[in-house]
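All remarks here apply to the structure that follows.
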Amino acid sequence: MSKIKFAVIGQGHIGKRHAEMVRRNPECELVAVCDIKNKEELGITEITEAFYHDVDEMLVNHPEIEVVNICSPNGLHAQHCLKSLEAKKHIVVEKPMALNTRDCESIIYKSLQMHKNVFCVMQNRYSPPSVWLKEIVETGKLGKIFMVQLNCYWNRDERYYKKGTWKGDQELDGGTLFTQFSHFIDIMYWLFGDITDIQAKFNDFTHKDSTDFEDSGFISFKFVHGGMGSLNYSTAVWDKNLESSLTIIGEKGSVKVGGQYMDKVEYCHIKDYEMPELAPTNPANDYGHYKGSANNHHYVIENVVNTIKGRTTITTNALEGMKVVDIIERIYSFRHDDVLKYKRKKKA
């Protein structure tokens, strides 16, 4: 069977990982990559695929491309998705799908018009604890859900927010929930559905000179389907990540999945239920002085291949990707000027 031909836009940390996962899949062929930086700056001088600085030129020169992976800065996702869809390519878009629901709707409209798939990258869904949580929630083993607490406490300091990069810029980054914690908001939405009655507080403790937005927040809400929840997050943790955890209090039991990357079942006590032994979780993406979410991108590429070849369905579809953006957008509607410093900078 013929190989599915891919291109990757963006060759930063995550773009390089996408490219490598495509190369490793025997049913895929990486045709081209694109980035505004030179290969030498990116440290990818050994690649044999075509290299471009311009997305339009890449798409024109390689009509054989079937799938474009969007790994550019967050604020460029919508633009690059729409260009690629206009060229009649399937899309794999890194989180977040875009920085507002309006752009997400434009992407979905164009994908339907062109009869192309949009795969949203939320690779934490593949981690064994996440799969297990989905099973016990959907089968009702916990009964009614009373309370859910999501805690995300990470380190992102001057080693991460370097001058001259897109990280920390309001228009290209979007904020802490978009860049650091959208994976965990996706897991919460995947398990429990939409939220309402949002209340939020934000602060900027250690990033006043490095970002345009908050580094910490306390969020409380109700779930549309019943129960209440909270999201507590920060990137002001000193030196290294502390935890990403999800605690569920239900009618018939309680569970907590914790660890630095929500990768360990720390507590399970459910009526008439014995905890199964789960497969080990893949380690977090390691970027040197900081770490990200689970290294599950090979599952994403497998899902793309299997969906296009008619063997399965999309793990995270465009409507789900848009819903995560919608939730973050509604939470961020409570931010005030004291944590949105970019507004003052633009006025100056």
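Coordinate-derived values only; no laboratory data. Everything numeric here is computed off the predicted structure, so don't read it as measured data. Note: ideal-geometry Cβ built from the backbone for every residue, glycine included; neighbour counts use all protein chains shown.
Computed quantities for the displayed model
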{"quantity": "Fraction of beta bridges assigned by DSSP in the chain that are antiparallel (%, nearest 5)", "calculated": "55 percent"}
{"quantity": "Candidates Asp173, Asp337, Asp103: whichever shows maximal mean-square fluctuation once the chain is modelled as a Gaussian network with Cα springs under 10 Å", "calculated": "Asp337"}
{"quantity": "Among the listed pairs Lys110/Lys309; Lys89/Lys341; Lys95/Lys163; Lys167/Lys240; Lys89/Lys240; Lys240/Lys271, those beyond 29 Å (Cα-Cα)", "calculated": "Lys89/Lys341; Lys89/Lys240; Lys240/Lys271"}
{"quantity": "Cα centroid separation - the range 27-81 against the range 199-261, whole Å", "calculated": "34 Å"}
{"quantity": "Overall Cα dimensions of the range 4-123, principal axis frame, Å, largest first", "calculated": "39, 28, 26"}
{"quantity": "About the Cα centre, charge dipole magnitude for the range 4-123 (Lys/Arg +1, Asp/Glu -1 at Cβ), debye", "calculated": "360 debye"}
{"quantity": "Low-density loop cleavage sites - GluC sites (Glu not before Pro) in the range 40-142, where at most 11 other Cβ are within 10 Å (DSSP)", "calculated": "Glu46, Glu64"}
{"quantity": "MRE, 222 nm, helices only [DSSP H, n ≥ 4, -39500 (n - 2.57), over the chain, to nearest 500]", "calculated": "-9000 deg cm²/dmol"}
{"quantity": "Helix 101-114 vs. the chain, principal-axis angle (Cα, 0 to 90°, nearest 10)", "calculated": "50 degrees"}
{"quantity": "Backbone N within the range 217-254 under 20 Å of label point (7 Å from Cys268 Cα along the Cβ vector)", "calculated": "244-254"}
{"quantity": "Calculated from backbone phi, Karplus (6.51, -1.76, 1.60) coupling profile of the range 10-19 in Hz, x at Gly/Pro", "calculated": "x, 10, x, 3, 6, x, 4, 5, 4, 4"}
{"quantity": "Top positive-direction residue, dipole computed over the range 4-123 with Cβ charges, set Ser111, Leu82, Cys28", "calculated": "Ser111"}
{"quantity": "Cα-derived Rg to Rh of the chain, Kirkwood definition", "calculated": "0.96"}
{"quantity": "Under DSSP loop assignment and at most 10 Cβ neighbours within 10 Å, longest trypsin sites (Lys or Arg not before Pro)-free interval of the chain", "calculated": "1-161"}
{"quantity": "Order of Met228, Met58 - criterion: other Cβ atoms within 10 Å of each residue's Cβ, fewest first", "calculated": "Met228, Met58"}
{"quantity": "Sites excluded, chymotrypsin sites (Phe, Trp or Tyr not before Pro) in DSSP loops with at most 12 other C-beta within 10 Å, longest stretch of the chain", "calculated": "1-204"}
{"quantity": "Principal-axis tilt of helix 297-308 within the chain, Cα atoms, nearest 10 degrees", "calculated": "70 degrees"}
{"quantity": "Choice from Val68, Val304, Val131 showing the highest fluctuation, given a GNM over the chain with Cα pairs closer than 10 Å", "calculated": "Val131"}
{"quantity": "Helix 318-332 vs. the chain, principal-axis angle (Cα, 0 to 90°, nearest 10)", "calculated": "60 degrees"}
{"quantity": "Dipole moment magnitude, nearest 20 debye, the chain about Cα centre, only Lys, Arg, Asp, Glu C-beta charged", "calculated": "360 debye"}
